[in-house]
Amino acid sequence: MTTRSSLGRVWSPALALALPLALMAGCASGPKPDAALASGSSSLEAARAAGAPELAAVEIGDARNKLDQARTLAQAGRSRDAIRMAEQADADAQLARARASSERARRAVDEVDASLKTLREELARNAAPARLPQ
């Protein structure tokens, strides 16, 4: 019995120290930023395809910079910060895509307005009474 109780005294402090260290190591790994980085990359590519580099340059530039920062943070092991930055990049890329779509629509409306103006002017000219030579 003496052997068992002295062994328990040795193991007890070791376990008390090892358990919190094991728990901290498990928590330190945190979530992986892979999914957030993939989502940000996908949104950035969709914005490029939608014409954002020409029509929403500031927004797509912000998205690109934030995605680069997210990749750097992920490589440094700062997963939570990487995820947060990748999510911001994703949102900026979606904004860039929406702004590009909005700008294309505005330009189309401007073209239709210009065409309508031309048609109205032609109608006004044709509707004017013809003058006979005297």
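Bear in mind these aren't lab numbers, they're just calculated from the coordinates by the rules spelled out. Nothing here was measured: the structure is a model prediction, and the numbers come from that model. Backbone-built Cβ (ideal geometry, glycine too); neighbour counts: all protein chains shown.
Observations
- Peptides ranked, highest mean first, by Cβ atoms within 10 Å: ranges 76-89, 113-126: 76-89, 113-126
- Once divided by 2.2 N^0.38 Å, the Cα radius of gyration of the stretch 31-124 becomes 1.53.
- The residues packed around Ala100, meaning those with a beta-carbon under 12 Å from its beta-carbon, carry a net charge of +3 if Lys and Arg are +1 and Asp and Glu are -1.
- Cβ-defined net charge surrounding Ser43, 9 Å radius [Lys, Arg +1; Asp, Glu -1]: -2
- Estimated at 0.36 nm per residue, the fully extended path between Ala35 and Glu122 surpasses their Cα-Cα distance by 25.6 nm.
- Charge tally in the Cβ shell below 11 Å around Leu73, where Lys, Arg are +1 and Asp, Glu are -1, Leu73 excluded: +3
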